[in-house]
Amino acid sequence: MAERSTAAVDVADNSGDEPLTAKADQSTADGVAQNPERDTESDKAQGSGGIEETEKASPPELHSGHKLARRYRLEECVTRLDGFSSWRAVDEKLRRAVGVHILPADHSRARSVLAAARSSALLGDPRFVQVLDAVEENDLVYVVHEWLPDATELTALLAPGPLEVHDAYQMVSQIASAMAAAHREGLAHLRLNPNAVLRTSSGQWRIRGLAVNAALRGISSDTPQRTDTEAIGALLYAALTQRWPYESDAYGLSGLPKGVGLIAPDQVRAGVHRGLSELAMRALANDGATASRHESACTTPEELVKAIGEMPRIRPPEPAYTAPPEYQRTTYQQGTYGRPSPPGATQVLPTPPPPLQSRTGKALKWAVSALLIAALGLGSWQLADALMDQGNKSEDTKQTQTTDGNDKTGDKTKPVKTLAIQGAKEFVAKGDPQHPNDVDKTYDGDKSTYWRTSSFIGGPVLAPYKPGVGIVYDLGSVQDVSTAAIGLYYSGDHTTVKLYATNSLSPSSLDSMTQLGTVTTTGTSATVKVTKHVKSRYVLVWLTALPHADSDQYSDAGYKQAITDVKFTG
């Protein structure tokens, strides 16, 4: 399922050492490069595939603001290399950012690029950055693909140091599984390097440039599965050691010392996970290395997936526990209140005052005793008198006393109060935000204003493309929420709303939240009753299914919804 307004990622990476952005001295203000880039990485640094000799075709005269198909407006040139260029652009029809590769129609690789793009688009696997369009028009061939502004390249992730063990395990597991699926459909990458691997804000790993990046550069291989498997091994090696497993430096990583050959990651860096170190060597054994402990080499992504499945699962690290502050004993002596005693010191208790032993003290004790006896006698007489009067009234009137309305033993109904909303923020679990600037319109008291979702092609359920969309509300203080009343813009089959308690206005993931309740409706309102009472300051209103609606003033037809107002009661 594809989202109509989803932005995404993929530009043609320019070299093994530089990120995928055009340098300031290489582009003018309109995005036309003055000093065209060159692909500097060698076959050895890449570790796979070769680069064919290519004809140099004149790049088309393009500039920022140029439109393709009266739809794609070019914004910024990010790569200009070997007769093709890559741009960040805007799809004006669907109002989203996209990436575009452009080359002349008479370029020697134009036909192969079109074929690779169309084959990649047919795969439709969300683990790969998707090809959205592949067109030959007006002497140009261009490939339109997703642009993911929230994703980070593995190159950037490795800049401060190697990945944590669990992150490296997740990376190799997801990348190997995705490439195994691609090879089952007859597709290879052949340029799988740290610039082609991305981690999204939700923690998912995605691959860009499947088949297309290699076609743009004329790269081919007689053993594509072996080439991609060795590339995955190199990625794992880099993730564990922050070193490139060849002698040449590449992708901002230092290579191995010259003359030592390919050594295991746990011999390069202390503390490397032994199982992942052996797995990297098994994938890299294709280049003449020997796997430790004599395990068989992995020559295909499918074999690598099987080897990962045979490993003990690596669990994420436990959250750090902060010990509570040490209990401080306090005294009520002047000058020491609230101050802890010094370590090792014995606390001296004050000596109680001596009893009243003097003549004045004895006289005072007798006086107090006499007053107590008199008070007890007077109280007993008044109590007896009151009981007698009450008995007489009961006999004369023979009336039954009624319970006062203010009797504490009477039933009480807990009052229902509306909880004030102090602020709100859109929560993005995966992909792009919807309309974060409109969240305050859901509690401004005006039902004609609203926060809206994007228009989705598939539905009503958003998963697996998106787990949902929604808003986190700040109630100002910890509250016991009982219901949430949500006003909706569209009716139809059907809207599903879930309520979660979370610990902040910007939670990390849905896994950290507690579900309070859920409801499914076909109307324009939804009331979620809390079934699990948890006190919380922050509450997430989460939409996981949307009805289908026709085109209107703000988006095309598709599965979509808008929230007009939200009220919480407690």
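Observations on the structure shown:
- Cα gyration tensor shape for the range 57-138, rounded if a/c is under 1.5, else prolate or oblate: oblate
- Shape category assigned to the range 189-275 from the gyration tensor of Cα positions, a/c cut at 1.5: oblate
- Estimated FRET transfer efficiency when R0 is 41 angstrom, pair Lys67-Ser491 (beta carbons, to 0.05): 0.60
- Label point of Lys535 set 7 angstrom out along Cα-Cβ; within the range 413-457, amide nitrogens under 18 Å from it belong to 414-420.
- Extension gain, Asp438 to Thr518: 0.36 nm times the residue separation minus the Cα-Cα distance gives 26.4 nm.
- Computed extension gain for Ser525 through Ser201, at 0.36 nm per residue and net of the alpha carbon distance, reaches 113.5 nm.
- Restricting the calculation to alpha carbons of the range 126-251 gives Rg and Dmax of 15.0, 50 angstrom.
- Each pair of Cα atoms in the range 493-546 enters the Kirkwood radius, and Stokes-Einstein at 25 °C and 0.890 mPa s then converts it into a translational diffusion coefficient of 210 µm²/s.
- Taking a point 7 Å out from the Cα of Gln422 in the direction of its Cβ, the residues of the range 462-479 whose backbone N falls within less than 13 Å of it are 473-479.
- Residues of the range 159-173 with amide N under 14 Å of a point placed 7 Å along Cα→Cβ from Arg315: 166
- Taking 7 Å steps out from each Cα toward its Cβ at Leu383 and Arg269 produces label points 8.2 nm apart.
- Cross-link pairs exceeding 22 Å in C-alpha to C-alpha distance, out of Lys430/Lys498; Lys441/Lys498; Lys466/Lys532, comprise Lys466/Lys532.
- Shape call, the range 58-97: gyration tensor on alpha carbons, a/c limit 1.5: prolate
- Loop-resident trypsin sites (Lys or Arg not before Pro) (DSSP state other than H, G, I, E or B) in the range 420-467 with no more than 16 further Cβ atoms inside 10 Å of their Cβ: Lys447.
- With a cut-off of 12 Å between beta carbons, the residues surrounding Asp133 carry a summed charge of -1, where Lys and Arg count +1 and Asp and Glu -1.
- Viscosity 0.692 mPa s, 37 °C: Kirkwood-radius Stokes-Einstein D of the range 405-555 over Cα pairs, µm²/s: 199
Where a number appears in this text, it was derived from the coordinates with a stated rule and is not lab data. No experiment lies behind these values; they were computed from the predicted model shown. Cβ: placed from backbone, ideal geometry, glycine included. Neighbour counts: every protein chain shown.
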